[in-house]
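Shown next, in structure tokens, is the structure this report addresses.
What follows is calculated from the coordinates using simple rules that are stated; it is not laboratory data. Being a predicted model, the structure only gives us computed values, none of them experimental. Counting neighbours? That spans all protein chains shown, and the Cβs are built from the backbone with ideal geometry, glycine included.
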């Protein structure tokens, strides 16, 4: 069977620990307890809140089951309300840590690609080009999804198109979407993945179901997160419905169930007399069997997307002891009801499947996807072994020579009970130019000898400086521990200005937390020897943070006063801090640079998302704006 035992650990659970400080339940230890996420909606499809354990009933094959725990997950406004500046603001920190973020894996069938097809009998080769109307519909649907993402949501775009790893960088996602348009700039989001293509070997008439299998298989090891898979396309041209005898369909459904991931399906074809209504039956069933929603008319996708995000913003996690714990390879009907509330709609998966136990299918403690799945999706989906936040700070050395300071803060989970961690971690930095050519390939090693923290993790920082010329680059960071084969990766874009010639320019903005507990650090930064930049962008009102940057005057003209403006905006675009200052000419050094420090007003801010923007001006000439997004918890 294609499904591996490593996925079974998603179903090996026994109890739920609930905490007032953390809504996410923790499931541990036994094979007869089933975990379900359930959306409860009223007649207007609005979330119903405040339900308790006694309000729910669960039936498996029409037999009542014993509920043992329930947790209400109601995401705060910072998830649901997208900041007004989200489309225009850049991202200065890249992260592969999914944390408590919602994950949306968007899988697009090959509707937007030119395909060469060889007839199996005649051998005649034909070229099939995408229908421009379908390309436009797919583009609008994808943009609609990205526009609805909250500031703490992450999305990945996957399939036979411009693959983009899980990110909260809206610009990178929109760039991938726009690349499907005719005469669009080439895809720049697949740097570093040319040797291992996404979904390598996943071809054939049911390739899209194999994509879904891979994504669900991978997501099954991301614990206790709200996860959704969004599939855009039809059922591979097959007319009619699907049955559980279809192995690809069965495995895709089961893996999605194990991952607690609803599959939402969207057809870019308007349903009409052409018979596409019957062809859409497959994606309807795929959504129904995983607790998702099918949107089969692209002219009405706006309402469908609104509903999808509503359902993913408020839900319940249920745990019940099943009376059918046997690994017998059977599907069982699930029914969840709310007592004395006939007016509500309960959305959850309608079936539960347990594969047959065999010698190869043995539950394991290791939370890792199958190796072949991880290889196919290398770098695209979040890795649980090593997570890090990374920031890149362009700056000018003496004489205006450009360089980039890299700061990566790494977190590794450690086996409970470990009292000392001695290991070597290599952080490889691959820098690609706009043509996709490698311009830098540097590795910094961190030889760790640390005591784990109380949460069974080790944290440390790796720093490096790279000499890069003027231009735009894509950077891929890969952390690898050869001894344990732990792996983590992320990627981001940087722009290096022409510091030597531009009349006025700015470095990247370094955020410093003076009172932060010091991390063990590896590598060195020559630019800011007196400060320690952090990649952290989530703060509390009791903490202190300052912004540090440099302003440069290029060329050979006499030094002149330079003005700069710094502003902090909340998610609605309201200014909560504005600073307008002028730096006198005599404040610039012989290297034609000056240092600036600003205090962030954390103690005056409410919980939510914020944006710090900084730009400088010399007469009519202005620098590109520097953006720093951050969150107050």
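Potential lengthening of the chain between residue 622 and residue 57 amounts to 197.1 nm, from the contour at 0.36 nm per residue minus the alpha-carbon distance.
Projecting label points 7 angstrom from Cα along Cα→Cβ for residue 328 and residue 557 puts them 8.3 nm apart.
Provide the FRET efficiency to the nearest 0.05 for the residue 73-residue 397 pair, computing r from the beta carbons and using R0 = 41 Å. Write down the numbers at each step before the final one.
Values: r = 49 Å, r/R0 = 1.20.
That gives a FRET efficiency of 0.25.
Take the Cα of residue 469, step 7 Å toward its Cβ, do the same at residue 426, and the gap between the two points is 2.8 nm. Here the calculated FRET efficiency for residue 485 and residue 437, from their Cβ-Cβ distance with R0 = 30 Å, stands at 0.55, rounded to the nearest 0.05. Between residue 87 and residue 500, residue separation times 0.36 nm minus the direct Cα-Cα distance comes to 145.6 nm.
At 0.36 nm per residue, minus the direct Cα-Cα distance, what do residue 66 and residue 538 gain on full extension? Give it in nm, one decimal, please. Working shown, then result.
Working: separation 472, 0.36 × 472 = 169.92 nm, distance 3.98 nm.
Length difference between fully extended and current span is 165.9 nm.
Building the convex hull from the alpha-carbon atoms of the stretch 587-633 and averaging its projection over directions returns 4.7 nm². Classify the stretch 435-478 as rounded, prolate or oblate from the Cα gyration tensor: take a ≥ b ≥ c as the square roots of its eigenvalues, call it rounded if a/c is under 1.5, otherwise prolate when a/b beats b/c and oblate if not. Since a/c reaches 1.5 and a/b is larger than b/c, the shape of the stretch 435-478 is classed as prolate. By the Stokes-Einstein formula, at 0.692 mPa s and 37 °C, the stretch 440-583 with its Kirkwood radius over alpha-carbon pairs has D equal to 174 µm²/s.
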